[in-house]
Amino acid sequence: MNGSSDAPWLAFRAGALLFVRNSSGELVLPESSSPPVRPAAGASVFDVSSGDGRIFRAYCADQDAPVPEGAGFVPLRTAYGTLLDASAYAAAGKGAETVYWDTTNKFCGVCGGRLKTESRILKRCVSCGREVFPSIVPAVIVRVDRGDSILMVRARNFKGPWYGLVAGFVEYGETLEDCVVRELFEETGLEVRNIRYFASQPWPYPCGIMLGFTAEYLRGELKIQEEELLCADFFRRDSMPELPQKLSLARRLIDDWLNSST
């Protein structure tokens, strides 16, 4: 990193991102040659790039460090589309995952030695030489089509009143399609066919990647897994519930169906 030049800073604290007020009173990412808030002890500063070639600097801010007047930390999801455009949000997501990896990997899991940062994606144990790379957690999300309706669910961990789609983490020894089948059956009791890949999306909350699929209803009666879901049902285009934010792959899957021919 070239500390002599100004660049947008991605200063994270507990998953939230620092914004400062510019001369017009708008909240923007801070730009300066030095960190806008004191870094946490032992924190590294990482360069991350956006899709349009911009370079950002990401790090973990000290929990107790004062912030500039008028500044504040905003959750990354909240910043999407309001304070960050799509390209900056993607860079901030990459920065968030990098900072999470940096702060949760300080010592070697084999010998307990200290890990030394060698690049944005590599740490090395100073004792045994073991290399440690960021871990990405894969999860599937699936839209189930049944005639002129789709399956939508309200999960217990949703932070709002919207409905989304069935999703779950990939387990050892299973394909992505196996995971789709298992998660749907476990959470809803339904069986599907014609599973098709749709798209993927980084999901930096804190270090996932969502892999989207579509499928067709085959058989079964809805019986929700109450530990995971509050409710589930099939919805037609003229009776849709509140939808998730546009930043999510769930919304892309839903909008794809809404915009298709009936």
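A few notes on this one:
- In the stretch 243-259, the residues that are closer than 17 Å to residue 205 by Cβ form Cβ pairs under 7 Å with partners that are outside any loop (DSSP other than H, G, I, E, B) and open to solvent by less than 20 Å² (accessible area, probe 1.4 Å), at six or more places apart or across chains, as follows: 244/164; 244/250; 249/141; 249/199; 249/212; 250/141; 250/164; 252/199.
Table: residues versus (1) surrounded by fewer than 16 Cβ atoms within 10 Å (Cβ to Cβ); (2) touching a Leu at 6+ places or on another chain (Cβ under 9 Å); (3) assigned to a helix (DSSP H, G or I).
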{"position": "58", "(1), (2), (3)": "no, yes, no"}
{"position": "68", "(1), (2), (3)": "yes, yes, no"}
{"position": "88", "(1), (2), (3)": "no, yes, yes"}
{"position": "112", "(1), (2), (3)": "yes, no, no"}
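- Restricting attention to the stretch 165-186 and to residues that are crowded, with 22+ Cβ neighbours inside 10 Å and touching a Leu at 6+ places or on another chain (Cβ under 8 Å), the residue that is nearest to residue 254 (Cα to Cα) turns out to be 165.
- Residue among 106, 94, 116, 123 that alone is within 15 Å of residue 204 (Cα to Cα) and charged (D, E, K, R): 94
- Residue list for the stretch 90-110, filter: touching a residue at least 40 places away in the same chain (Cβ under 8 Å), among the polar types (S, T, N, Q) and surrounded by fewer than 20 Cβ atoms within 10 Å (Cβ to Cβ): 103
- Per the conditions (1) modelled with pLDDT under 95; (2) more than 24 Å from residue 89 (Cβ to Cβ); (3) touching a Phe, Trp or Tyr at 6+ places or on another chain (Cβ under 9 Å), the sole criterion not satisfied by residue 119 is (2).
The values are calculated or read from the model by the stated rules, or taken from the named source; none is laboratory data. Everything quoted here is computed from the prediction, not taken from an experiment. Reconstructed Cβ throughout: ideal geometry from the backbone, glycine too, with neighbour counts over all protein chains shown. Protein only, heavy atoms only, side chains kept; ligands, DNA and RNA dropped before computing areas. Shrake-Rupley method; radii C 1.70, N 1.55, O 1.52, S 1.80 Å.
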